[in-house]
Amino acid sequence: MRRLNKLSFTITLLLIVSIIGNIILFNAVNSSNDIQDSSSSQSYRLLAKRLFLDNPNDKRINFSSLRSSFRQYFSDNSLSGSLYFEYLPTGTSVRVNPDVKYRAASLIKLPVAMELYKAKELGKVNLSDTIKLKQEWLNDGYGELYKKGAGYMLSLGEAVEILLTDSDNTALRAILDTTTPILEDQDRALGALDIELSMANDGSIDIGTRSYSSFLKCLYFACYNSKGDSQAILELLTKTSFDNRIVAGVDDKSIEIAHKIGVFNMQVQSDCGIVYLENNNYVICIMLEGNDDDTTNSHIANLSKLAYEYLAK
């Protein structure tokens, strides 16, 4: 009987030790995963947190009052244009004429940058590759790179930075001439994503706010470019000097905003971007008919402010 009791005690002790060991191992693995996930999230702070963690964001469901505010603002100010808002943690969207197409103008520089990074990922170019400005690339419509003149040398990495931060037309021509011959149609951003657009007679692109937002969301979720390159492109978009539209509507200037503006003569003004409000990241894309002046810029800023205040309160 004593031998049986001793054996029973030994077995019980072993079971207890085993259970404790498993608990310690489980906690250690989870802790390691948490550290790894946190580190990855910090490395790619401009990408979707859901790429690294489960259920990381606060969730909101009812955006009816924001929808009413947007529509009331359009009505009160007799605005003609388009707006698309999407709350990124849930995918809930608010729309005002989201599929009416307007001239993309400089907005198209974003997918052009994405294609350059795709060419890099495919091993067709390096951002350190040097290019020499050609006379036919020089364009004084937007940006100041053209002032460097034909023959000026710069790297593709420098060109894409100038393209996105200064919205430079000369950099656009240089990058397009680099990527057009080397990318297959299926590798292009416009072909890889389900984007609805139309081509004008002069070759310009018309697009709606809902479709254009797909470029921003694809960077946020790293669905076309790699995580590292998606982060790099978004990083450049946070460094633009254009702060009188979406940025002007966000009171907290510490909040990062990755955005791209568009200016089509005196006809259409736009700004589309991701606002990185803590736990409440969102996309907002606005295209308004009007001049490139304080009035139109203020309308875009005010619409941006409606979204920011709704989520920041």
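The values are calculated or read from the model by the stated rules, or taken from the named source; none is laboratory data. It should be emphasised that the depicted structure is a prediction, and the values quoted were computed from it without experimental measurement. Heads up, the Cβs are rebuilt from the backbone with ideal geometry, glycines too, and the neighbour counts pull from every protein chain shown. Only protein heavy atoms, including side chains, enter the accessible area calculation; ligands, DNA and RNA are left aside. Shrake-Rupley method; radii C 1.70, N 1.55, O 1.52, S 1.80 Å.
Pick out, in residue order, every one of the trypsin sites (Lys or Arg not before Pro) in the range 63-130 that is DSSP loop and has at most 10 other C-beta atoms within 10 Å; say none if there are none.
Counting only loop positions with at most 10 other Cβ atoms within 10 Å, none of the trypsin sites (Lys or Arg not before Pro) in the range 63-130 qualifies.
In whole percent, and with a 1.4 Å probe on the protein chains, what portion of the accessible area of the range 61-186 is carbon and sulfur?
Carbon-and-sulfur percentage of accessible area, whole number: 41.
With no solvent and one point per C-alpha, what does the Debye sum give as log10 I(q)/I(0) for the range 161-216 at q = 0.16, 0.31 Å⁻¹?
With one equal scatterer per Cα and no solvent, log10 I(q)/I(0) is -0.64, -1.12.
Report, in debye and to the nearest 20, how large the dipole of the range 194-264 comes out about its Cα centre when Lys and Arg carry +1 and Asp and Glu carry -1 on their Cβ.
Numbers: 7 positive and 10 negative charges, 23 e Å.
Charge dipole of the range 194-264: 100 debye, to the nearest 20.
Could you tell me which GluC sites (Glu not before Pro) in the range 161-221 are loop residues by DSSP with no more than 15 other beta carbons within 10 angstrom of their beta carbon?
Values: sites: 161, 184, 196; in loops: 184, 196.
For GluC sites (Glu not before Pro) across the range 161-221 that sit outside H, G, I, E and B with at most 15 neighbouring Cβ atoms in 10 Å, the list reads 184, 196.
Stretch residue 62-residue 196 to full length: gain in nm at 0.36 nm per residue minus the Cα-Cα span?
So the chain would gain 45.5 nm between residue 62 and residue 196.
Mind checking the full-extension length gain between residue 204 and residue 72? Use 0.36 nm per residue of separation minus the Cα-Cα distance, one decimal, nm.
44.4 nm
Which chymotrypsin sites (Phe, Trp or Tyr not before Pro) does the range 210-313 hold that lie in a coil by DSSP with at most 15 other beta carbons within 10 Å? Walk me through the intermediate numbers first.
Working: sites: 212, 215, 220, 221, 224, 242, 264, 276, 282, 308, 310; in loops: 221, 224, 242, 276.
Here the sparse-neighbourhood loop sites are 221.
Kindly report the accessible area of the range 189-278 per residue (heavy atoms of protein chains, probe 1.4 Å, no ligands, DNA or RNA), in Å².
Averaged over the residues of the range 189-278, the accessible area is 39 Å².
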